[in-house]
Structure formats: structure tokens, C-alpha cells
Amino acid sequence: MTADSTAAPSTDSGTNATASTFHSAGPARSGMDADALQRDIVDNLICLQARYPAIATPHDWYMALAYSVRDRMLERWVATVQTHAAREVRLACYLSAEFLIGPQLGNNLVSLGIEANARAAMQALGQDFDSILAQEEEPGLGNGGLGRLAACYLDSLAALEIPAIGYGIRYEFGIFDQEIRDAWQVEVTDKWLQMGNPWEIVRPDVAFYVAFGGHTESTTDAQGRLQVRWVAANKVKGVAYDIPVAGFHVNTCNTLRLWKSEAVESFDLQDFNAGDYYQAVQDKVISETLSKVLYPNDEPEAGKRLRLAQQYFFVSCSLQDMLRLLDLKGEPTERFADMFAAQLNDTHPSIAVAELMRLLVDERQVPWDEAWDITRRSLAYTNHTLLPEALETWGLPLFRNLLPRLLEIIYEINRRFIDEVRQRYGGDEARVARMSLIDERGDKRVRMAHLATVGSHAVNGVAALHSALLKQTVMRDFAEMWPERFFNVTNGVTPRRFMLLCNPQLARLLDETVGKDWITDPTQLRGLEAHADDAAFQERWRRVKLSNKEALTARIHSATGIVVDPGALFDIQVKRIHEYKRQHLNALFIIGLYQRLRNNPQLTLAPRCFVFGGKAAPGYAMAKLIIRLINGVAEVVNNDPLVSDRLKVVFFPDFNVKNAHFIYPAADLSEQISTAGKEASGTGNMKFMMNGALTIGTLDGANVEIREQVGEENFFLFGLSADQVEQVKRDGYRPADYANGNAELREVLKLIADGQFSRGDREMFRPLVESLLQFDPFLVLADYADYVACQERVSAAWQDVRHWTHMSILNTARAGKFSSDRAISEYCSQIWNIRPVRIDLEQR
Ligand code: 26Q
């Protein structure tokens, strides 16, 4: 289980020979002006796409431009890797099962500062720059917030010149593409690699073996020490695919390293399956399946075994790679924790605790206590959810069968940990049972959040409220025992992608108003406050918003055929579909509003356009039903001449990073209406705010801090607080009482049940209506009346154009805190103890 170290040195090892060859190549492929770009684009078109300009397709042009941009990143990339290898620096290793990086070309152009030149070059070649950029198929290697957060953090790490690497999985099929057929969600496989990926570089020489199954054997070595050998039933090879991550206007270019699984060449046949050819072929298929597909979240029971195998696969490859880098630096194993800070993005990579112990103890003969010290000093864990059903656990039989050695190690960690708990809280066996790494109630299960916590020196939540609740609820015993290990790092998002790239008109206005530094120092945005009531500035602000709304209007039309009015209030909820996020609360409000208009056609209502977007996990029936409901409401409302000039409802299909670029800048109102205490942070809320949308929201996740920043007078707050939610539940929540006590709500539910939004079908929405009336686990009915009242305040505020614009400007002005640069700085100082390293391009 060691690296194939046969091939030529990779850029990681960065020999001088490689560097000087690169350097002596001179300025070829590095000129940043439009002429140089134009030459190289044509060059790449011919040499890499094998096409002459006359017959090149838009996709050929995209590839040629992408390769030309990548060429211009290589010098920085090599210099960065070399500098990090040569210097005594600690490397931040972000371990994540998901990286939702979005389209790369536009972002890389922005980072390099050559967007205008590239545009000019393409123009000179007779190509429409924007439609060439639109050719890029985005890598959908994530579900939603957590995966996109990882991508924003990579962007900030590079921008802040932090030595860092992202480790993950190169899924062949990312998150499915969503189509809407007959008002239902239909999943279509995401073939993002079909046309080739110009951003990755495969490194066949950076490859590791990962073992699965089999059994363990114990022996005593010459020194009398216990040695455990894991006799695996199968091994898989992980090969590194590297993607460059260029920092904004700096030389740093970090690496995102994704592992692809491959079969180990004819290895199985001899070693394991003793001549069983067909079994060997079968194993080969399994090996190649490991990095095939990303699992959607919220899937009950789907693909358990393969999911655990994926997690172990990428974690083992990543840790082996870190040990390889340590060796390359000539550092002893004991220095591992000084050289690496590994951040676990949720529990998905938490098997790292046991795997690092295995690599140190079994493979490198480090004594247990010393290995444990190294492990704890190098690992830290970020929690992203408090929902009990979303906390990862694995059944013991499955775990033992797939990872027998790791289970032994977990048992040993647990034995020592439980001793510590007993010593500390003598006799408190209830506490021991609660804290154990093994849940022994019913079928025994490994609790991955406990493993991650015990094996880390720091545990953090992702917003202030979430971190506080974490300590009070799921991690209470741990926070009592180790209070010094618990932190908050409120999430952030990158202003490069979510302002500069996706909202260039706003960016230009900001440049002119507060200077250009806001992009790396968003506290500068505060300078907008002085202009918030300036009529001329307000006029420009509104023009930018209107133009973005026109662009979205066009996309809505081409995606759905629906015609909306760009002058309407754009009220937008985009995020994964989940009951706790309460898209159905929004839908109930729309139905109520529609009814009021039907009953009183003279009612004055400023035109509103409700936009929804988001995917439902394929196995989450209720979420899919909510999509059906939204489309059902859209069908009725949009086609009713009585209201269709004032009300529009749109379900925008296939919400992803690419579509998000058009959606956030066009929003007037951001819907952040989760049940308080359920949304760990939210990050879409921040993207909307930066782009000048006002928020209607509950006191949940980062909404609390958004409201704090923008001021309560500029935020539409409604609903029960997290404490009140718990109180209502303790008191015995009876949702039907809320329906009975509210005529409009009762009517809304009746319309749904009567088939008004299901083409007369009275069965379709029965599960939804019954769930709401009988259980309503997320208190939709309890919050309905206050939500409606709050929406009334929104409508009233919208009438006052100048005041609305004032609030919109203040939202952008006060969004600085939510830059991922701030979040990454906090990780660096509070958790990783890492400082920036300047990359010098001339040094070689
Ligand atoms: C787990 C086991 C099996 C299959 C899939 C999963 C799985 C995959 C992805 C479970 C969860 C996720 C993703 C979770 C997620 O996106 N959480 C969000 O993280 C954001 C970043 O911190 C927060 O802003 C959101 O509040 C949180 O919901």
C-alpha cells in the first residue's frame, strides 16, 4: 500500500530540471495581452482540438480558450507547489467529499485579471465571448451548501496566499441534472466529462492503493511489539487528478486534488482470489465503481456500502499523499502535525481519525500514544447539521466487513476514550453510553460525529447560533468535557464569483463609488452607506438591478416559456428542496395571496414574481411532491388572466452554480424561511445580500448575523425562534389547531386537497396535506400567519421605491462580514495556525 513511485517526478516534487525547462521556454503561452492570447487560442484550437477556425464549433473555441488560460496558470501553479515544498510551511488540507466548484473559465480569467483581454481576443476571432463561456459544463461535484462552501474556501485560501490543498473525489457523475416534465422532477445523469475537462491534469505517478474487506492477523515483531497485518480481500488504486485554483490577483495557485478509483492491474487474481478469474473481473468492476457517482443527501438508505467505501477511499489516498509529501520534504513522520492541518468537512471524511492512526501505527510503527497526539494535533472537524437523521452512523456488520482493521482501531480509540470519561465522571455510565463512539442502543452503530470530535483538536459550527446549539444539544457532553475545543466560524462566500464575476455591472458601480479594494477588503463596502440616500446614485443602483432582472427574465423565458415582468418584485427561494427549508410555506403564502386576489380582483398589489429553484433527492418523496406543488401553483396562477399581470410563479429548472450566476444578482427579496434551529448557516442568504437583495427570514443560521449586520430595520423578520420552536414541541404541537384558527390557511389547504393544483387529482397532495395537519415536523402551520403578516410588510415597503433602494444599498454595504476571506482568516488563526506565504515568480 505504498505509492507508485516509478514515474518521472511530478510538479509536486518540483525538481530544478523541470523548473528551468519550463522557464527557458520563455514567454510562450504566458503573454497576457489580447494579441498573445489570440495567437495561443488559435494554436490550441489547431494543436489540441485539431480544428481550423473555419470549422471550429463553439465548444472547440471554448476548449481552445480554456487551454490558453490554463497555460497562463501553470507558471504560478508550479511556483506555488515548489515554494510550498521547499519552505517550512504548514499546509491546510481541506478534506471534503464534495467540491461544487462551478464553471472555471470565467473565474480563472477574473483571478488572472485578463477577462477584458480574453474578450478582445475572442472578438478579434469573430467569437461571442459570453456564449463561448456558456459552453462550459460545470463539474457538479456536490449537493449544495457544503460542497459550494468548500469551493469558496479554496478560492479564499488562494486569494489569501495560504498554502493549501483540497482533497476530494473525482466523481464521473456529479449531482444529477434536473428536468421538469409534466410538473414533476425528473433526474438525468450528469455527463460532465463527456466533452473532456480542460482544467484537470492527471498524475498517474501520484497513485495509492486502498484496501477493503478481508481480515486482520496479529504477529509480534523482532522487538516484541504487536504488529497487525490487514489481509485485504480487495485493493483499489486511487489516481490523482489535479485542478489549479488561482488566487485573485496574486501569484498563489493552489491545487484541488481529486481521486479517481481504478482497478489494480491483475493484482487481485494472484494475491486474493487464488485463480478465480470471474471474481477478479467482478472486483475490477467494483474498483471502478468507487468514484462513479456522487450520492445525493437526504437519501434514505441508498448505497450505504459504496458510500462508506468512497469515504474511506478518498481519505486514505489523501492521507497517504500527505505522508508522501512529508517524505519528499525530508521531514520525519513525527513532524506530520507541524506540516499539515487537515480540516474535515463534516463527518464524511471522519474515517481519517482511524486511518491516520492506522498509517502511523501499522505502516510506520509509530507508538500509539505518539500517533494519537499527531492525529489530534493535525485534525479538526466542522459540523454542518444538527438534524439527528442527518448525523452519520454506520452499522457495525457493514463496517467490520468493509474495513475490519479500522473498526479495531476505532474500538481501541473508544476503549481509551471511555476510560478517560469514566475517570473524569466516575460512575456516570449514562454519560459513557451517550458519548461512546459506538451507539449500543438497538443495532450497534459507529457514530462518526463522535469519532471526529474525539480525534480532533477543534470542532466548529458554521454560524454563531449553530455553534451555540451544537454545544447545547448533539455535542453537549463533549463541550462539557473539552470546552476549549469548541469554536464558531461563521460561513462565508467568495465575492469574486458571487459579485465580480456574476454581477459585473454592480462591480463597476462599486469600483466607481468606493474604490476597487472592496473585492479583497469588503469592509470598504461600508463606503456605500454615504450614498444610500443619494437620488442619482439610487437611480444607478436600480438600473443595475433592473438590467440583471431583464437578464433573468430572458433565461426564465427560454427555460420555462414563462413571461415575467422585470419590473415586478423578484421574490426568490433557491436551495435544495427540503421540508426544513420550507419551500411549502412559501407556496402556501402564494396560494393565499392568489385567493385574496381572486376574491377581490380590485386589490392593489404590486406585481410579484416568485422564483423557486432547487433539486430534491431522488428518494425524498415529500421534497419531490413540494416541487410538484410549486409547479401546480405556477400552472394555475400564470394562466389565470385575472391575476397573471400581477402574480407569476416560476420553478427554474436545474438550479446549479451556472444558473445561480444569473439568479442572485436579479433578486429583490431573498427567502430564508427555514424552521429556526434547523439551517446550520445557509450561504445563499449571503450571496443574495451581497447583491443587494433584502431578506425575509427566521432567526436561523447565519440569518441572525445578517440581521445584526444590516440592522433590524432593514430585515424582514418573522417566525418562532429556535427556543420557541422547542417550547412549542415540548408543549405538544397540534398543527390542526393552527389551521382551524385561520380561515385563510384552512382554505389554502382545502384548495390543495381538492385538486386545484393537481389538475383535479385529489390524491396527489394528500401525503403533503396530511403530514402538515397531523405532524408538521417543521412548524409550517405555526409560522404561517406571521409569515403572511411579514410578507405584507414587504409589499408595503416595496411601494416606497426610495426607501427600498436605501435598504438594498445597505444590504450590500454591510455584507462584508460574509466574505469567505474573513472565514478563512478565522480558520487560519483560530484552528490551523497558518500564515500566508508570498509566491515569487522570479525566484527560480
Ligand atoms: C451523507 C451520507 C450519505 C449520502 C450523502 C450524505 C450527505 C451529503 C451532503 C449529507 C449532507 C450533505 C450536505 C450537507 C449540506 O450541504 N449542509 C449545509 O452546509 C452548508 C455549509 O455549511 C450550510 O450553510 C447549510 O446550512 C447546511 O445545510
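Can you compute the modelled spin-label distance between Glu363 and Val186, with each label point 7 Å from Cα toward Cβ, in nm?
Those two pseudo-labels are separated by 4.6 nm.
Set the Förster distance to 60 Å, then compute FRET efficiency between Asp419 and Gln505 from the Cβ-Cβ distance, nearest 0.05.
The formula returns an efficiency of 0.45 here.
Just the accessible area for Val228, please: 1.4 Å probe, Å², rounded to the nearest 10?
The accessible area comes out at roughly 20 Å².
When only C-alpha pairs under 8 Å and at least 6 residues apart count, what is the relative contact order of region 567-816, in percent?
After rounding, I find 22 percent.
How high is the relative contact order of the chain, in percent, counting Cα pairs under 8 Å that sit 6 or more residues apart?
Relative contact order, the chain: 13 percent.
Under 20 Å from the Cα of Lys729, which aspartates and glutamates turn up, not counting those fewer than eight places away in the same chain?
In chain and number order, the partners are Glu389, Glu579, Glu679, Asp700, Asp737, Glu770, Asp776, Asp783, Asp786.
Among Met622, Ala587, Ala813, which residue has its Cα furthest toward the positive end of the charge dipole of region 567-816, with +1 on Lys/Arg Cβ and -1 on Asp/Glu Cβ?
The residue sitting farthest along the positive end of the dipole is Met622.
Suppose every Lys and Arg Cβ carries +1 and every Asp and Glu Cβ carries -1, with no other charges. What dipole size does the chain come out with about its Cα centre, to the nearest 20 debye?
440
With both bridge residues required to lie in the chain, what share of the DSSP beta bridges run antiparallel, to the nearest 5%?
Of those bridges, close to 45 percent are antiparallel.
Which of the three applies to the chain, rounded, prolate or oblate, going by the alpha-carbon gyration tensor with a ≥ b ≥ c and a/c under 1.5 meaning rounded?
Taking the square roots of the gyration eigenvalues as a ≥ b ≥ c, the chain is oblate.
What's the local net charge at Ile519, with K and R +1, D and E -1, over the other residues with C-beta under 10 Å away?
Taking every other residue near Ile519 into account, the sum is -2.
Counting other C-beta atoms within 10 Å, and keeping those with at most 14, which DSSP coil chymotrypsin sites (Phe, Trp or Tyr not before Pro) do you find in region 689-791?
Loop-located and lightly packed - Phe775.
Net charge around Ala722, counting only other residues with Cβ within less than 10 Å of its Cβ (Lys, Arg = +1; Asp, Glu = -1)?
-2
If you count only protein heavy atoms with a 1.4 Å probe, what accessible area per residue comes out for the chain, rounded to a whole Å²?
37
Can you find, among Asn691, Ala736, Gln672, the residue farthest towards the positive end of the dipole of region 567-816? Put +1 on the C-beta of Lys and Arg, -1 on that of Asp and Glu.
Working it through, the farthest residue towards the positive pole turns out to be Asn691.
Could you give the dipole magnitude of region 567-816 about its Cα centre, charging the beta-carbon of Lys and Arg +1 and that of Asp and Glu -1, in debye to the nearest 20?
That gives a dipole near 600 debye.
State whether region 544-609 is rounded, prolate or oblate according to the following rule on the C-alpha gyration tensor (a ≥ b ≥ c being the square roots of its eigenvalues): a/c under 1.5 gives rounded; otherwise a/b larger than b/c gives prolate, and the remaining case gives oblate.
Taking the square roots of the gyration eigenvalues as a ≥ b ≥ c, region 544-609 is oblate.
Suppose only helical runs count, i.e. DSSP H with n ≥ 4. What mean residue ellipticity at 222 nm does that imply for the chain under -39500 (n - 2.57) per run, divided by all residues and rounded to the nearest 500 deg cm²/dmol?
That comes out to -14000 deg cm²/dmol.
Please give the FRET efficiency for Ile55 paired with Arg540, using the beta carbon to beta carbon distance and R0 = 25 Å, rounded to the nearest 0.05.
Here the calculated transfer efficiency is 0.05.
Using the 2.2 N^0.38 Å rule of thumb for compact globular proteins, work out how region 567-816 stacks up: its C-alpha Rg over that value, please.
0.96
Exceeding 28 Å between C-alpha atoms, which entries from my cross-link table qualify? They are Lys549/Lys575; Lys292/Lys329; Lys329/Lys658; Lys304/Lys624.
Long pairs (Cα-Cα over 28 Å): Lys292/Lys329; Lys329/Lys658.
Can you pull out the GluC sites (Glu not before Pro) in region 737-805 whose DSSP state is coil and whose Cβ has at most 14 other Cβ atoms within 10 Å?
Glu763
Rank Gln538, Trp230, Asn44 by how far each Cα sits towards the positive end of the charge dipole of the chain (+1 on Lys, Arg Cβ; -1 on Asp, Glu Cβ) and give me just the farthest.
Positive-most Cα among the choices belongs to Gln538.
Place a +1 charge on the Cβ of each Lys and Arg in region 688-844 and a -1 charge on the Cβ of each Asp and Glu, then give the dipole magnitude about the Cα centre in debye, rounded to the nearest 20.
Using Cβ point charges on Lys, Arg, Asp and Glu, region 688-844 gives about 420 debye.
The values are calculated or read from the model by the stated rules, or taken from the named source; none is laboratory data. Computed from a prediction, not measured in an experiment: that's the story for all the values here. Here the Cβ is made from the backbone with ideal geometry for all residues, glycine too, and neighbour counts use every protein chain on show. Just the protein is used for accessible areas: all its heavy atoms, side chains included, with ligands, DNA and RNA removed. Shrake-Rupley method; radii C 1.70, N 1.55, O 1.52, S 1.80 Å.
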